[in-house]
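*Asks:* Structure incoming, see below.
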Ligand code: MG
């Protein structure tokens, strides 16, 4: 019998391996405890109040912001990730406020124009240490949000920062101290971080089917060949003959999300039962991630991701837009590098020093831009 969510889930105590304030590695700059909030709730609130968070509203997920009002942006994507992660966290007795904080912050370092923008910026930064969006998300919360009198950045809890930094090159990991260690030692992050990583994949796999179909870049016949989509589509059609196409697609996607989320909860709960970790450090020391799909769902979910890569992210129309946005990022980078006073004074002043320093500040400035601001700057400087 499924548990009564009111009683068993919402009020159940945290699992011993959940992230907890009592075992947390804390904040880089110690602060007195908050009066009315837990520390992970406080992190979530700081993230929501940040400038970088508000800008997610005008940043591309797949479609450039001005292409239409109905497509996902980084903000609505982040909200969908949060909603999925919270459900799973409650079901597994993990820290809900921590997964909320990590989910809301996970894309803060994304450039304008989605992956094309980030690839372009990484190319521009080749001689200056490169550009990684995960690391940039951490830079945003650790340094770039200058809002508090007593410390740089948002001074978030260790576990929140651990969740934000989901990938990192060995070169950069070496410079991050304790937080970078796991990439060098190939250890795992806590369960909440693992969970947000998968909630991210569930969210984009499903909403990109919706957006891609709406944009006319994906055909129904192609989608039906995808096992995850096809099975649910056939089921809905059999149950509701005569349902119009739009509702049919929405109902299919809704069931796809339900299916993979349920699989994630059931499979992870079983694994946790076997391994019986006694603390978050036990989770960190396991050979591989404990939060995971069953092998069957893992396969169809990965299949859908590959399908989207081939057919949506590399679609001629998306590629044409990407080429255009890549040119804009290139041009902005060389323009600010040539004359840093083209940036606002706060950036211009910080850009003084070595070439590496200047390039990093220029990259920070460009990465922080919304799609529409980057386009306006490109037009101003052209
Ligand atoms: Mg994401």
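The values are calculated or read from the model by the stated rules, or taken from the named source; none is laboratory data. As the structure is a prediction and not an experimental result, all values here were calculated from the model. Note that we place each Cβ from the backbone using ideal geometry, even for glycine, and neighbour counts take in every protein chain shown.
*Asks:* Return the residues of segment 95-117 that are surrounded by 20 or more Cβ atoms within 10 Å (Cβ to Cβ), outside any loop (DSSP other than H, G, I, E, B) and in contact (Cβ under 8 Å) with a residue 40 or more places away in the chain; say none if nothing qualifies.
*Replies:* 97, 98, 99, 100, 101, 102, 103, 104, 105, 114, 116, 117
*Asks:* With the condition kept exactly as written, say whether any residue in segment 208-225 is within 15 Å of the chain's Cα centre (by Cα) and either modelled with pLDDT of 95 or more or within 30 Å of residue 159 (Cβ to Cβ) (or both).
*Replies:* Yes: segment 208-225 contains one or more residues that are within 15 Å of the chain's Cα centre (by Cα) and either modelled with pLDDT of 95 or more or within 30 Å of residue 159 (Cβ to Cβ) (or both).
*Asks:* I'm checking my understanding of the structure. Among residues of segment 47-66 that are at pLDDT below 95 and surrounded by fewer than 16 Cβ atoms within 10 Å (Cβ to Cβ), which one is farthest from residue 217 (Cα to Cα)?
*Replies:* Selected residue: 57.
*Asks:* Please state which of the following conditions residue 86 fails to meet, knowing it meets all the rest: (1) within 14 Å of the ligand (Cβ to nearest atom); (2) closer than 22 Å to residue 23 by Cα.
*Replies:* In the conditions (1) within 14 Å of the ligand (Cβ to nearest atom); (2) closer than 22 Å to residue 23 by Cα, residue 86 misses (1) alone.
*Asks:* Is it the case that segment 189-201 has a residue that's more than 16 Å from the ligand (Cβ to nearest atom) and modelled with pLDDT under 95?
*Replies:* No, every residue in segment 189-201 fails to be more than 16 Å from the ligand (Cβ to nearest atom) and modelled with pLDDT under 95.
*Asks:* Can I ask one more? Any idea which of (1) in a loop (DSSP other than H, G, I, E, B); (2) touching a strand residue (DSSP E or B) at 6+ places or on another chain (Cβ under 8 Å) is the one residue 168 doesn't satisfy?
*Replies:* (2)
*Asks:* Could I ask something else about it? I want to confirm something. Restricting to segment 187-197 and keeping residues that are in contact with a helix residue (DSSP H, G or I) (Cβ under 6 Å, 6 or more places away or on another chain) and in a helix (DSSP H, G or I), which single residue is surrounded by the most Cβ atoms within 10 Å (Cβ to Cβ)?
*Replies:* Per the criteria, the residue is 192.
*Asks:* Tell me, which residue of segment 118-130 that is under 12 Å from residue 366 (Cα atoms) and away from the ligand (no atom under 16 Å from the Cβ) is surrounded by the fewest Cβ atoms within 10 Å (Cβ to Cβ)?
*Replies:* 122
*Asks:* While we're on this one: Can you go through 348, 364 and tell me which one is surrounded by 15 or more Cβ atoms within 10 Å (Cβ to Cβ) and either touching a residue at least 40 places away in the same chain (Cβ under 8 Å) or farther than 23 Å from residue 142 by Cα (or both)?
*Replies:* Just one listed residue meets the conditions, 364.
Every residue, every condition in (1) buried (at least 17 other Cβ atoms within 10 Å of the Cβ); (2) at pLDDT below 95; (3) part of a helix (DSSP H, G or I), yes or no:
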residue: 246; (1), (2), (3): no, yes, yes
residue: 260; (1), (2), (3): yes, no, yes
residue: 263; (1), (2), (3): yes, no, yes
residue: 293; (1), (2), (3): yes, no, no
residue: 298; (1), (2), (3): no, no, yes
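*Asks:* Please work out if residue 328 is surrounded by 15 or more Cβ atoms within 10 Å (Cβ to Cβ) and modelled with pLDDT under 95.
*Replies:* Here the answer is no, as residue 328 does not meet what is asked.
*Asks:* Of all residues being at pLDDT 95 or above and assigned to a loop (DSSP other than H, G, I, E, B) in segment 131-148, which is surrounded by the most Cβ atoms within 10 Å (Cβ to Cβ)? Just the residue, please.
*Replies:* If we take residues in segment 131-148 being at pLDDT 95 or above and assigned to a loop (DSSP other than H, G, I, E, B), then 131 is surrounded by the most Cβ atoms within 10 Å (Cβ to Cβ).
*Asks:* Filter segment 69-83 for residues that are away from the ligand (no atom under 16 Å from the Cβ) and not in a loop (DSSP other than H, G, I, E, B) and give the result.
*Replies:* Passing the criteria: none in range.
*Asks:* What's the total number of residues in segment 300-317 that are surrounded by fewer than 17 Cβ atoms within 10 Å (Cβ to Cβ), farther than 21 Å from residue 88 by Cβ and touching a residue at least 24 places away in the same chain (Cβ under 8 Å)?
*Replies:* Residues that pass the stated criteria total 2.
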